[in-house]
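The values are calculated or read from the model by the stated rules, or taken from the named source; none is laboratory data. Source: prediction; values computed, not measured. All Cβ positions, glycine included, derive from the backbone under ideal geometry; neighbour counts span all protein chains shown. Only protein heavy atoms, including side chains, enter the accessible area calculation; ligands, DNA and RNA are left aside. Shrake-Rupley method; radii C 1.70, N 1.55, O 1.52, S 1.80 Å.
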Amino acid sequence: MESLKKNRDFQIVYKKGKSYANRYLVMYLLENKLNKNRIGISVSKKVGNSVVRHRIKRLIKESCRLKDRNFAQGYDIIIIARTTAKEKSYQQIESAITHLAKLHHIIVDPAEKK
RNA sequence: UGAGUAGGACAAAUGGUCACGGCUGCAGAAACGAAAGGCUGCAGGUGAGGAAAGUCCGGGCUUCAUAGGGCAGGAUGCCGGAUAACGUCCGGUAGAGGUGACUCUAAGGCAAGUGCAACAGAAAUAAACCGCCGGAUUUUUCCGGUAAGGGUGGAAAGGCAGUGUAAAGGACUACCGCUUUUCUGGUAACAGAAAGGGCAGAUGUAAACCCCAUUCGAAGCAAGACCGAACAGAAAGCGAUACGGCUGCCCGUCGUGCUUUCGGGUAGGUUGCUAAAAUGGAUUGGUAACAAUUCAUUUAGAUAGAUGACCAUUCUGUAUAAAAAUACAGACAGAACCCGGCUUAUGUUCCUGCUCACAAA
RNA sequence: CGAGGUGUGGCUCAGUUUGGUAGAGCGCUACGUUCGGGACGUAGAAGUCGCGUGUUCGAAUCACGUCACCUCGA
């Protein structure tokens, strides 16, 4: 799974994409013309120190990796961690992502996709 | 047992499933490349710290500058040693704190110059307010001497005792202090002793300017080196031909065009990049910091940034509890060129030496 | 990786250069004025000067260390 790297990519999604949010995370979504999903993760310095931020990034990355086969393909996704996401467990982060994905209507049954 | 003091160690452990980044090996092939390679898959092995942090010092390395010297500016500042170097470390001296183990000290020079010292006080670096003494005048005031006493202040011109004097005063004497010279011990800081000197040159302040001694070129791996799409540019060639300008037409010329070469170099890529002042053990030298010799080991290299998630068992702690068991918790914190230090954060963790108090033998 | 700045009543800022008294405006409290409120007048309260150690007789000010925040350059 590829990731968004350049600031330009992020700015395009912020300007043209749609967003939903819940208690822990914010999710931006924009269609790209590719056949796969690209993901960008942003954690502000206000959330915590380097260890805390890095751990949140890993948790988001891991749950996206495991959930990717349930997602519709062809989107640029940006996930922003809010300060409340600090010190949260893997299950809480994963359920937050699933909730946001449902709001965006990108959940697809993998069997149906084939 | 309690309180303290100095030093050291560790940074929960094991297994399974699914992922990620380097490295090594093997295999694959439709597409990339002249090739090396890259790509895909599989296997093996490997992948955060004691502070990786703050960026406060020092060095390696790299580029630039530099004949040599000085000024300016910065840093350091008892002595000796260690070191690649340091503002670090070790050992000592002196001073300060503590009953003690022990700890702390920007610890050169106001006996070179300049500056500053509010308020109080008569007076703050220059001195007579009160007082004391003498003289004049005689109800009182003036002149002179005087720092023993008073009060102010952080500080009032060495301290204290005596001699002396009109009253006083290092004016003189003893002891102590300060300071100079010499001798002895020590590499030295310094310590001890003797002799001399003055104490109207002698208050404090240099984390006030400054003086003295030592020392420092500047910038940083986003340094630097190599390759290099795009693109600005230069040169040569291709024309009787496409367009536009000078011009209505022709010639000519300029620009746009195509090809080749040159050179600069952006995006990007490669390198720098991790085997080193390395780590561990032993021996020798040294009080020690450390050094030498020898043996063994190979130990992250990402590039928007890998080192993760879940499950099970065990360990430690807390709560409930007779126990079993259950629940919760397991700190501070994340490499980014590399080392040596300093500083800060951190656990009811573990170990050792020493001190004091109390009790018992 | 490198450079610089800020921290003072509830808020916004002086004072730091050249060390001795912490001050201004807004806000707050009380009283007066008004039928009542505002405005106005008078009086008053409110400060670990980010924190620690030191230098000094004396520190918001000087030195060192440290914490937090902000800005800039590559």
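List the lysines whose alpha-carbon lies under 26 Å from that of residue A:45, not counting same-chain residues fewer than 8 positions away?
Answer for residue A:45, where 26 Å is the Cα cut-off: A:5, A:6, A:15, A:16, A:18, A:57, A:61, A:86, A:88, listed by chain and number.
After finding the eigenvalues of the alpha carbon gyration tensor for chain A, what semi-axes result from the square roots of 5 times each, listed largest first in whole Å? Show your work: numbers first, answer last.
Details: eigenvalues 96, 56, 30 Å².
Square roots of five times the eigenvalues give 22, 17, 12 Å.
Counting only heavy atoms of the protein chains, get the accessible area per residue of chain A (1.4 Å probe) and round it to a whole Å² value. Write out the running numbers ahead of the final one.
Working: 7470 Å² over 114 residues.
Normalised by residue count, the accessible surface of chain A is 65 Å².
Explain nothing, just the number: dipole magnitude of region A:45-113 about its Cα centre with +1 on each Lys and Arg Cβ and -1 on each Asp and Glu Cβ, in debye rounded to the nearest 20.
480 debye
When the Kirkwood radius is taken over all Cα pairs of region A:47-114, what Stokes-Einstein diffusion coefficient follows at 4 °C and 1.567 mPa s, in µm²/s? Display every interim value, and only then the final one.
Details: Rh = 12.9 Å.
The estimated diffusion coefficient comes to 101 µm²/s.
Considering every Cα-Cα pair within region A:32-82, what fraction, in whole percent, is farther apart than 19 Å?
On the way: 412 of 1275 pairs.
Looking at region A:32-82, the distances longer than 19 Å represent 32 percent of pairs.
Name the residue farthest towards the positive end of the dipole of chain A from the options A:49, A:96, A:32, assuming +1 on Cβ of Lys and Arg, -1 on Cβ of Asp and Glu, about the Cα centre.
A:49
Can you give me the % of accessible surface on region A:1-75 that is carbon or sulfur? Probe 1.4 Å, all protein chains present, nothing else counted.
Working: 2400 of 5180 Å².
It is 46 percent, rounded to a whole number.
Could you work out the helix-only [θ] at 222 nm for chain A, with each DSSP H run of four or more residues adding -39,500 (n - 2.57) and the total divided by the number of residues, to the nearest 500 deg cm²/dmol?
-12500 deg cm²/dmol
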